[in-house]
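First up is the structure itself, then whatever we jot down about it.
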Amino acid sequence: MGRPALILAALAADAAPGKNFRAYKKLETRNGIEQLELRDDLGFGFIFKMPSKSQFEANLALERAVVRALNGNSSQLPFEVREEIGITKDDQGLTGALFTTISGNEPDLAKLAPGGFSKTLADALAAIHQLDPNVVRSAGLPEYTAPEILHSKVAELDKIASTGKVPASLLTRWEQALEDVSLFRFHPTVIHGGISKDAVLLDGQRVVGMTDFDLKVSDPAEDLAWIVGGGLASTVEDTLLHYRAARPAADENLMQRAALYSELELGSWLVYCLEQGDEALIKQAEELIEELREQQDSGTLKDLRASSFAGIAAGTALIAEITTPIQQVSSDVEAVEVEVEASITEVEFLAGGVEEESSLEELGLTTEAIEVAEESKEPNPDELF
């Protein structure tokens with residue numbers, strides 16, 4: 001059960017001398033970090049985090065590094081991020097930290113139509129992806145190359161296949177996508193790394209805050225997997241339109257990889273459930289896999305094949321024609337052509353990194369699985385107010 005809420009509240013008060021906390025509630029322990037939500041006498045919210053054991057100190061140290069990195073570049077982000085208020089130590093010498101919280105509501109993708117949500121989500125992700133990679137490097141956070149990312153996805157597929165519970169047709173679909181090296185021609189960028197309904201906060205239809213960062217340099221498609229996998233088709237398309245407008249240098253296969261990652265996540269969820277031995281969760285995971293197979297059989301799954309740039313250019317021109325008022329079409333054609341020309345230059349640069357006929361073996365990739373240990377989530381402790 002960890003520390004009592006009252007003990008955590010006392011540690012939080014020690015981290016912020018002079019603050020008067022009027023209410024507190026213990027939250028679920030995550031990644032070995034105990035959490036306490038607090039509210040002061042002015043109504044402002046805070047969250048106190050403390051490692052449950054010494055082996056989890058690195059997890060909180062990493063989160064503090066992420067918070068510092070983001071706050072150092074907050075002027076470039078169109079949303080609110082948490083701030084560190086203070087730190088303290090317990091009687092074992094473990095360090096705890098107090099952070100501000102962000103007001104907002106969790107999004108329900110099934111109910112969010114194109115508009116304010118898709119625009120602000122796209123702008124938020126594009127802003128993160130355009131941060132200087134040195135933000136990550138200087139904070140000592142992870143950085144991955146395109147071949148390393150592809151290697152990790154091959155290993156992920158191996159673990160999924162080893163369950164024997166995923167239809168062969170889905171495994172073949174994923175394997176063919178991972179063998180298409182041209183799909184993985186992209187420049188890694190700074191990414192959020194943990195986008196989910198818990199990490200995105202809304203005020204009405206607008207994204208106003210983000211939390212739960214796993215900040216790193218990796219594939220920007222990872223951040224789009226959530227919306228691609230769960231959003232309405234029209235909302236996904238609108239998000240992509242605004243994302244490309246905010247980040248013209250994005251590679252042409254971004255959404256195919258996002259769809260692939262979203263599908264692989266279902267397989268990895270099944271792996272996790274089997275490892276936990278929870279029959280109820282296993283059944284739910286198997287139902288999700290079966291639903292995905294049915295979508296594949298009906299032909300409604302997104303095409304994972306790499307796009308030709310000609311197709312993307314034509315699509316961009318078509319979108320511009322459809323969405324631009326008639327009286328502005330002639331004046332905007334030159335701007336579209338300039339953007340397409342710039343994008344062609346970008347794609348030619350990207351294409352230079354990997355030969356067309358490359359294979360996984362030529363990149364030095366194997367299908368050996370990478371073991372990843374995950375700590376089980378602890379049950380919700382008691383709450384005190």
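The values are calculated or read from the model by the stated rules, or taken from the named source; none is laboratory data. What you are looking at is a predicted structure, and each value in this text was computed from that prediction instead of being measured. When we count neighbours, we look across all protein chains shown, and the Cβ atoms used for this are built from the backbone with ideal geometry, even at glycine. In case anyone asks, the SASA skips ligands and DNA or RNA and just uses the protein heavy atoms, side chains included. Shrake-Rupley method; radii C 1.70, N 1.55, O 1.52, S 1.80 Å.
Observations, loosely collected:
- Annotation: for a label point projected 7 angstrom from Cα along Cα→Cβ of ARG68, residues of segment 88-118 with backbone N closer than 19 Å are 88-90, 94-100.
- Semi-axis lengths (Å, descending) of the ellipsoid that matches the C-alpha gyration tensor of segment 146-279: 26, 19, 14
- When the alpha carbon gyration tensor of segment 1-158 is reduced to an equivalent ellipsoid, the three semi-axes, largest first, read 30, 22, 17 Å.
- Relative contact order computed over segment 121-204 (Cα-Cα under 8 Å; 6+ residues apart), in percent: 47
- Per-residue ³J(HN,Hα) for segment 131-138, Karplus 6.51 cos²θ - 1.76 cosθ + 1.60, θ = phi - 60°, Hz, x for Gly and Pro: 5, 5, x, 5, 4, 7, 5, 5
- Under 10 Å, Cβ to Cβ, from PRO51 - net charge with Lys/Arg +1 and Asp/Glu -1: -1
- With a simple spin-label model that places each label point 7 Å from the Cα along the Cα-to-Cβ direction, the separation between ALA245 and GLN130 comes to 1.3 nm.
- At R0 = 25 Å, FRET efficiency that the Cβ-Cβ distance of ILE87 and GLN276 yields, to 0.05: 0.15
- Using only Cα coordinates, the Kirkwood hydrodynamic radius of segment 85-144 works out to 15.7 Å.
- Near LYS216, the amide H atoms lying under 5 Å from its own belong to ILE191; only residues 5 or more places off or on other chains count, and H is placed 1.01 Å from N.
- Distant-in-sequence amide H partners of ALA23 (H built 1.01 Å from N, under 5 Å): ARG39
- Karplus-derived HN-Hα couplings along segment 80-85 (A = 6.51, B = -1.76, C = 1.60, θ = phi - 60°), whole Hz, x at Gly and Pro: 8, 10, 5, 10, 8, 8
- For the pair ASP14 and PHE44, label points projected 7 Å from Cα toward Cβ lie 2.2 nm apart.
- Solvent exposure of segment 138-291 as accessible area per residue, Å², 1.4 Å probe: 38
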